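Here's the structure we're looking at; comments come further down.
The values are calculated or read from the model by the stated rules, or taken from the named source; none is laboratory data. All figures in this text were calculated on a predicted structure; none of them were measured in a lab. So basically every Cβ, Gly included, is an ideal-geometry build from the backbone, and we count neighbours across all protein chains shown. For accessibility, only protein heavy atoms count, side chains too; no ligands or nucleic acids. Shrake-Rupley method; radii C 1.70, N 1.55, O 1.52, S 1.80 Å.
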Amino acid sequence: DDDIALVISTSGTTGTPKGAMLTPAALIAGASAAHDRLGGPGTWLLALPTFHIAGMQVLIRSVLAGTVPVELNLCEGFEVSHLPAAVAQLGSGRRYTALVANQLAKALRDPAATAALAELDAVLIGGGPAPPSIVDGARAAGITVVRTYGSAETAGGCVYDGVPLDEVRVRIDGPTDTGSGRIVVGGATLAKGYRNPTQPDPFAEPGWFHTDDSGALDDSGLLVVLGRADEAITTGGLTVMPGPVEAALSRIAK
């Protein structure tokens, strides 16, 4: 169980490539806890690239469930016109998919794609902030949206709709008088660390991963993610540093 099964590349907020080292135990814990929270194993629609942890977890959940995922062809991007046929291939039983917010927004502009997603038992949304207007619009259309929070370092989404999965712990470090601070995640889904460690090491505290996200626990104990602790922007599962973008735009403007 201590052997490294998977190294997922992640740039974090520094832009420096790192490799989150995940054990079989961490990957299985994340996949099993996801199924437990969602109501049981099922068949998955793979609509994300597997070099991201969210796409890889679709494969791992499928292996544990003994099902074969239906894969969307992403070579030319996310085509919502393919969703109805892909969902139809999932067959009977519980059916799931995982998307980023941009994909969901695109699907909501297509009635057939929206209807197809509404047939699923859950549509996980992660990889960055999900605008409330998109989530509310999806739910109004009958889509069962589950907002997820996590990263490669936590073997994927480990907090669903503000509630940590089983065997996952969340705390807020350095809270201000507003109750917000840095999100720290612990539990069975954590990576063993980075293949090429960084300083300071976010895994330095045994059993915990210190994220670069700020958040708070609301009155009912739900995790509210407020943003990044630095200026990095997370969009579509990728981390974008604003400095290089600003420099490029300045060159274009000149």
Of the residues in the stretch 174-220, those that are more than 24 Å from Leu27 (Cα to Cα), of a type in the set (A, V, I, L, M) and open to solvent by 30 Å² or more (accessible area, probe 1.4 Å) come to Leu217
Looking only at helices (runs of 4 or more DSSP H) that fall completely inside the stretch 14-125, which ones have 1 or more residues that are under 30 Å from Arg228 (Cβ atoms) and more than 15 Å from the chain's Cα centre (by Cα)? 24-38, 101-108, 111-118
Name the pairs: first residue in the stretch 17-46 and under 26 Å from Gln199 (Cα atoms), second residue assigned to a helix (DSSP H, G or I) and β-branched (Val, Ile, Thr), Cβ to Cβ under 9 Å, at least 6 apart or on different chains? Ala20/Ile53; Ala20/Thr154; Leu22/Ile53; Ala26/Thr154; Leu27/Ile60
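How about the stretch 12-28: which of its residues are closer than 17 Å to Pro200 by Cβ, of a type outside the set (A, V, I, L, M, F, W, C) and either open to solvent by less than 40 Å² (accessible area, probe 1.4 Å) or modelled with pLDDT of 95 or more (or both)? Spell out how you get there, then give the answer.
As a first pass, look at the stretch 12-28 and keep what is closer than 17 Å to Pro200 by Cβ: 12-16, 18, 20.
Filter once more, so that each one left must be of a type outside the set (A, V, I, L, M, F, W, C): 12-16, 18.
Scanning the stretch 12-28 gives Gly12, Thr13, Lys18.
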Between a first residue in the stretch 91-113 that is touching a residue at least 40 places away in the same chain (Cβ under 8 Å) and a second residue that is of a type in the set (Ser, Thr, Tyr), which pairs have beta carbons less than 6 Å apart while being 6 or more apart in sequence or on different chains? Arg95/Thr43
Quick one: which residue in Thr144, Thr97 is surrounded by fewer than 23 Cβ atoms within 10 Å (Cβ to Cβ) and among the polar types (S, T, N, Q)? Thr144
Taking the stretch 29-57 as the region of interest, how many residues are in contact with a strand residue (DSSP E or B) (Cβ under 6 Å, 6 or more places away or on another chain), surrounded by fewer than 24 Cβ atoms within 10 Å (Cβ to Cβ) and under 16 Å from Gly126 (Cβ atoms)? 3
What number goes with the only condition from (1) open to solvent by 30 Å² or more (accessible area, probe 1.4 Å); (2) out of contact with any helix residue (DSSP H, G or I) (no Cβ under 7 Å at 6 or more places or on another chain); (3) acidic (Asp, Glu); (4) at negative phi that Asp161 does not pass? (4)
If you go through the stretch 83-97 one residue at a time, how many are among the small types (Gly, Ala, Ser) and within 18 Å of Asp110 (Cβ to Cβ)? 3
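Here's the yes/no breakdown for (1) farther than 30 Å from Gly207 by Cα; (2) surrounded by fewer than 21 Cβ atoms within 10 Å (Cβ to Cβ):
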{"position": "Leu74", "(1), (2)": "yes, yes"}
{"position": "His82", "(1), (2)": "yes, yes"}
{"position": "Ala107", "(1), (2)": "yes, no"}
{"position": "Leu124", "(1), (2)": "no, no"}
{"position": "Gly127", "(1), (2)": "no, no"}
{"position": "Arg139", "(1), (2)": "yes, yes"}
{"position": "Gly156", "(1), (2)": "no, no"}
{"position": "Ile172", "(1), (2)": "no, yes"}
